[in-house]
Each structure stands twice: as C-alpha cells, then as structure tokens.
Amino acid sequence: MPNLLIVGPPGAGKGTQAVRIAEALGVPAVSTGDIFRQNIKEQTELGQRVSAILDAGEYVPDSLTNELIDDRLAQDDAAGGYLLDGYPRTAGQVEFLDGVNLRRGEELDAVVRLVADTDEVVRRLLARAADQGRSDDTEAVIRHRLEVYERETAPLIAIFAERGLVVEVDGIGAVDEVTERILAGLAARGVAA
Ligand code: ADP
C-alpha cells in the first residue's frame, strides 16, 4: 500500500480529497490540522499548547508536530501505508519524514499537488468561516496563513518535484471530479488500490 502526501494552499480542498483518496486506496488519511483541532476541543495538554498558535495562523513548532506524526504513523492502521494531509509543512518536517520512512524501509510513492488560485482559496475559506466558524478562518488570519504557506511550504514542492514524485491536479471543479482526477493521476504513476 502506498505512502502518499497531499499538498496545496489552505482552502485547496486537501482535507476533503484526502479522506476520499485514502478510502479508495485503503490507507488512513492523517491530517495534522484535524489532530490539533481535536486536541484543542478535548482540552488535552497538547491542545492547550497549540490553541493560540492555530488561532494566529502560525505553524506549530516542528518538535511537537514531528513527535505527533511519529506516534501516529507507528499505529497499526498506518503499517501498510498512509496519506498525510498538512504534513510536512516545513523543511525540518520533510527531513523528519525522510527519517521515518528510512526506518520503515520505505519511500514516498507520490505527492499530490492540489492547485487552486488565491482568489478561489480565499473565497472558499471565507465561505467555510461563515459555515463552520473555525477560529482560524477570519479574513486576517486566512491572509496570514496564505503568506506563511507561500513562504514556508510552497518552496518544499520543488524538493518533491526533484524526486519525481509530484502529481499535479487541478483543484477547481466539483468534489467528485477532483477526486477522479487525483485517482487517475495516481493510477498513471502505478499507485492504485
Ligand atoms: P489549512 O489546510 O486550512 O491551512 P489545516 O487544518 O491543515 O488547515 O491546519 C490548521 C493549522 O494547524 C495550521 O494553520 C497550523 O497552525 C497547524 N498545523 C497543521 N499542520 C501543521 C504542520 N505540519 N506544522 C505546523 N503546524 C501545523
């Protein structure tokens, strides 16, 4: 079973697609954002440490995030493969994940890059804010998250491109259509259920 990443700006639809693709391929979808939000909701120690960071649209320190991923990927359901959503987001996290894979005796199989322009992602995030009231979806925080993404995370795609792993998919369109595009792109690389 494959080891996969889905990358793209906030609002590109990573979370929505990750769940569908993971289900189709029989691997768990692991979203660091979801795990942090769940911990905040349950007021765990981790939740208390990261709550203000998420609200400000900043990144949680690598030390915390890497440990979280290390634990999560060690669970049984991820033994055969995984789809990571929202991780790695920094150069330090890429390096850490490389180490995890080395220990597993595995490599990444593909990196899905979900492409959506800034106007569209801002529109979606504002709509989600009105809808779900996520505390990091205010307009000022959205803008900041996009800046942090462009500065810290977008440049990492070049690393995966150099490794020949990137499957680029247009994220604009109906949810089902985008899922089909991703599955087709992965199948073309030999990644299929
Ligand atoms: P989005 O894709 O809309 O930006 P996520 O749900 O992926 O939202 O993440 C929400 C927040 O969780 C981020 O803004 C950040 O504060 C924190 N976070 C998630 N993943 C990471 C990560 N890999 N490294 C650091 N912080 C993270």
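In whole angstrom, how far apart do the alpha carbon centroids of the range 15-89 and the range 133-165 sit?
So the separation of the two Cα centres works out to 16 Å.
If you take every residue apart from VAL178 with its C-beta less than 15 Å away from the C-beta of VAL178, what net charge results, scoring Lys and Arg +1 and Asp and Glu -1?
-4
Taking the convex hull of the Cα atoms, report for the range 1-132 its projected area averaged over all directions, in nm².
The number I arrive at for the range 1-132 is 8.3 nm².
Within the chain, which complete DSSP H helices have Cα atoms spanning at least 15 Å along the helix axis and a mean Kyte-Doolittle hydropathy of 0.0 or higher?
14-25, 45-56, 175-188
Mind listing the long-range amide H neighbours of VAL30? Cut-off is under 5 Å, sequence gap 5 or more, other chains count too, H placed in the peptide plane at 1.01 Å from N.
Here the answer is LEU83, LEU84, ASP85, since their amide H atoms fall under 5 Å of that of VAL30.
Would you mind ranking ILE21, ILE172, ILE6 by Cβ crowding within 10 Å, fewest neighbours first?
Placing the least packed residue first, the sequence is ILE172, ILE21, ILE6.
Report the relative contact order of the chain, percent, no decimals, based on alpha-carbon pairs under 8 angstrom and at least 6 residues apart.
33 percent
Dipole of the chain, Cα-centred, from +1 at each Lys and Arg C-beta and -1 at each Asp and Glu C-beta, to the nearest 20 debye?
It comes to approximately 100 debye.
Since every read-out is calculated from the coordinates, none of them should be taken as a lab result. Note that the coordinates shown come from a computational prediction; the quantities given were computed from them, not determined experimentally. Note: ideal-geometry Cβ built from the backbone for every residue, glycine included; neighbour counts use all protein chains shown.
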